Amino acid sequence: MARFIPKEKMTGTFAELLASPGVEETSTLRSSRLGFMAYHGGEVEKVTDVIAADAAARSRTSYYGVTQTIEPIRHLASARVDPGDSECLRTFLDHVDAVITIHGYGLKTVGTALLLGGQNRDLAQHVATHLRAELDDYEVVDDLEEIPKQLRGQHPDNPVNLPKHHGIQIELPPAIRWHAAGRHWSDFGDDGRAPHTEALIATLATAATEWIER
């Protein structure tokens, strides 16, 4: 059973977060100009870093992630994840033309929906089509008006909107990230991956590959 670790909103800078104990920044640059991000990984928004990194590896796209593993677990608003505070993030954003950022949410009102925000609406529609075809148990929402305002990813300083062609942020409920039907992510299979989590990763990789090829 996973231990619940409360999160607190962070008032400092991204640089201060990166310098904190238990915070790890990772980047893998590949030839593709599409990338995946997950900078609320680790204990902040569980399994988002795993989903993004695996989807990037399978689609041979770039990846940038930040994980936290030591309390206090702090949530820094996306608009304050400043590439000016990180050469690693700055290099990643300069390398890609578009990005898919993986986030997690816990709002009870939309607890089974996958929410596709961000400013690249063509990419959002493309990914949404793939997700609807493969994830029957979840509602896929790519109409910004149907997404809670705080989860739409429209702020110009949000890293998802900084590449040349901007990108999309996918907000995932806990059920598809790390638990379902009373069972936690670590209870499934040899590597602890729930079947629907595996399906999500595979679908994102396929969608990314097709986006690159087109």
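Can you confirm whether ASP82 is at negative phi, of a type in the set (Asp, Glu) and touching a Phe, Trp or Tyr at 6+ places or on another chain (Cβ under 8 Å)? Answer is yes for this residue.
Scan the range 59-116 for residues that are of a type in the set (A, V, I, L, M) and in contact with a Ser or Thr (Cβ under 7 Å, 6 or more places away or on another chain) and jot them down. If you could, list the steps in order and put the result at the bottom.
Within the range 59-116, the subset of a type in the set (A, V, I, L, M) is 66, 70, 73, 76-77, 79, 81, 89, 93, 96, 98-100, 102, 107, 110, 113-116.
Across the range 59-116, the qualifying residues are VAL96, ILE102.
The residues in the range 20-47 that are touching a helix residue (DSSP H, G or I) at 6+ places or on another chain (Cβ under 8 Å) and either surrounded by fewer than 20 Cβ atoms within 10 Å (Cβ to Cβ) or of a type in the set (Val, Ile, Thr) (or both) can be counted, and the count is 10. Among the residues of the range 21-42, what is the count of those that are hydrophobic (A, V, I, L, M, F, W, C), part of a strand (DSSP E or B) and within 21 Å of ALA205 (Cβ to Cβ)? Result for the range 21-42: 4.
Just wondering, is there one or more residues in the range 43-54 that are assigned to a strand (DSSP E or B) and either touching a residue at least 12 places away in the same chain (Cβ under 8 Å) or at positive phi (or both)?
Of the range 43-54, the ones assigned to a strand (DSSP E or B) are none.
The answer is no, given that none of the residues of the range 43-54 is assigned to a strand (DSSP E or B) and either touching a residue at least 12 places away in the same chain (Cβ under 8 Å) or at positive phi (or both).
The numbered conditions (1) under 24 Å from ALA207 (Cα atoms); (2) touching a strand residue (DSSP E or B) at 6+ places or on another chain (Cβ under 8 Å); (3) not hydrophobic (A, V, I, L, M, F, W, C) are all true for ARG74 except (1). Could you grab me the full set of residues in the range 55-67 that are over 21 Å from ASP97 (Cβ atoms) and either under 11 Å from the mean Cα position of the chain (by Cα) or without any contact (Cβ under 8 Å) to a residue 40 or more places away in the chain (or both)? The one that is over 21 Å from ASP97 (Cβ atoms) and either under 11 Å from the mean Cα position of the chain (by Cα) or without any contact (Cβ under 8 Å) to a residue 40 or more places away in the chain (or both): VAL66.
For the range 127-143, the count of residues that are touching a residue at least 60 places away in the same chain (Cβ under 8 Å) and at positive phi is zero.
Within the set ALA19, ALA38, ALA57, the sole residue that is at pLDDT 95 or above, over 18 Å from ARG90 (Cβ atoms), among the hydrophobic types (A, V, I, L, M, F, W, C) and out of contact with any Lys or Arg (no Cβ under 7 Å at 6 or more places or on another chain) turns out to be ALA57. Restricting attention to the range 1-16 and to residues that are at pLDDT below 95 and of a type in the set (A, V, I, L, M, F, W, C), the residue that is farthest from ARG74 (Cα to Cα) turns out to be MET1. Would a scan of the range 115-122 turn up a residue that is in contact with a Leu (Cβ under 6 Å, 6 or more places away or on another chain) and either surrounded by fewer than 15 Cβ atoms within 10 Å (Cβ to Cβ) or within 29 Å of PRO21 (Cβ to Cβ) (or both)? Taking every residue of the range 115-122 in turn, none turns out to be in contact with a Leu (Cβ under 6 Å, 6 or more places away or on another chain) and either surrounded by fewer than 15 Cβ atoms within 10 Å (Cβ to Cβ) or within 29 Å of PRO21 (Cβ to Cβ) (or both).
The values are calculated or read from the model by the stated rules, or taken from the named source; none is laboratory data. The model shown is predicted, which means the values in this text are computed figures rather than measured ones. All Cβ positions, glycine included, derive from the backbone under ideal geometry; neighbour counts span all protein chains shown.
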